[in-house]
C-alpha cells in the first residue's frame, strides 16, 4: 500500500522535478485536456475512444504523442502544456487495452475548503464516501482517482477523496487523502492537517 500512497502524494513533485529540468522549452508541449473531457472518458473505453474525446494533441507517453497502438499502460494528458505543477490526468489501460483507472492532478479544486484536524480525526475505516463528506465538508474535497480493475464488475473498485483545510489548495498546503475500496474507507493519511506531516494516520 505504500506504493499507492507514494503515487498519490508525490506525483506532483515527480512531475515538477522532471519538467523543471527540461526548462522553458518544454512548456508548450501537449495541451488541451480539461475536466469536462476527463468526465466524459468512461471505463471500458479503448485507447482510440479515449483519444477521440481527449485529443491526441493533449496526451503523451514517454514524451511522444499517445497513439491507439501504444502498449504503454498509462498515458498522461496535459491541460496547458508540460510545466512545473501544471494540471494533468493519468489514464490507465488494462491488458486488453480498456480504460481501467483514471486520476488527475489539480484539474479540479474545491471552491471553499474548510476541513479541520478534528473533522479529519472523526473519519474512520468503514465509512462511505457520503459519510466522509458529511464529516469533513462537501466543499473541502474532490475525487482525484477512480479505478475499476474488474470492469464491468464493480468488485475491487477503488477511489481517492482528496481534501483540504481552509489554509489553501496549493500542493504544499495541508491536505488529506481518504482511500476507498468497494465503497468503504480502508485507509486515510494526511500532510500537515494533524500535527506534523504524516502519511499513516
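Quick notes on this structure:
- Checklist (1) in a loop (DSSP other than H, G, I, E, B); (2) in contact with a helix residue (DSSP H, G or I) (Cβ under 9 Å, 6 or more places away or on another chain); (3) at negative phi applied to residue 85, failing item: (3)
- Inter-residue pairs, beta-carbon under 6 Å, first free of Cβ contacts under 8 Å to residues at least 40 places away in the same chain and in region 49-78, second surrounded by fewer than 15 Cβ atoms within 10 Å (Cβ to Cβ), 6+ apart: 53/40; 56/65; 68/48
- The single condition among (1) under 15 Å from the mean Cα position of the chain (by Cα); (2) at pLDDT 90 or above; (3) crowded, with 16+ Cβ neighbours inside 10 Å that residue 58 does not meet is (1).
- Annotation note: Cβ proximity below 8 Å between a residue of region 90-114 that is at positive phi and surrounded by fewer than 20 Cβ atoms within 10 Å (Cβ to Cβ) and a residue that is modelled with pLDDT of 95 or more and part of a loop (DSSP other than H, G, I, E, B) (sequence gap 6+ or interchain) occurs for 106/87.
- When 107, 127 are screened for being in a loop (DSSP other than H, G, I, E, B), closer than 30 Å to residue 84 by Cβ and touching a helix residue (DSSP H, G or I) at 6+ places or on another chain (Cβ under 8 Å), only 107 passes.
- The one condition in (1) touching a residue at least 60 places away in the same chain (Cβ under 8 Å); (2) surrounded by fewer than 16 Cβ atoms within 10 Å (Cβ to Cβ) that residue 185 fails to fulfil: (2)
- Qualifying position, being at pLDDT 95 or above and either crowded, with 21+ Cβ neighbours inside 10 Å or within 13 Å of the chain's Cα centre (by Cα) (or both), among 147, 157: 147
- Scanning region 31-67 for residues that are closer than 14 Å to residue 81 by Cβ and not in a strand (DSSP E or B) gives 32, 33, 34, 55, 57, 58, 63.
The values are calculated or read from the model by the stated rules, or taken from the named source; none is laboratory data. It should be emphasised that the depicted structure is a prediction, and the values quoted were computed from it without experimental measurement. Note that each Cβ is placed from the backbone with ideal geometry, even for glycine, and that neighbours are counted across all protein chains shown.
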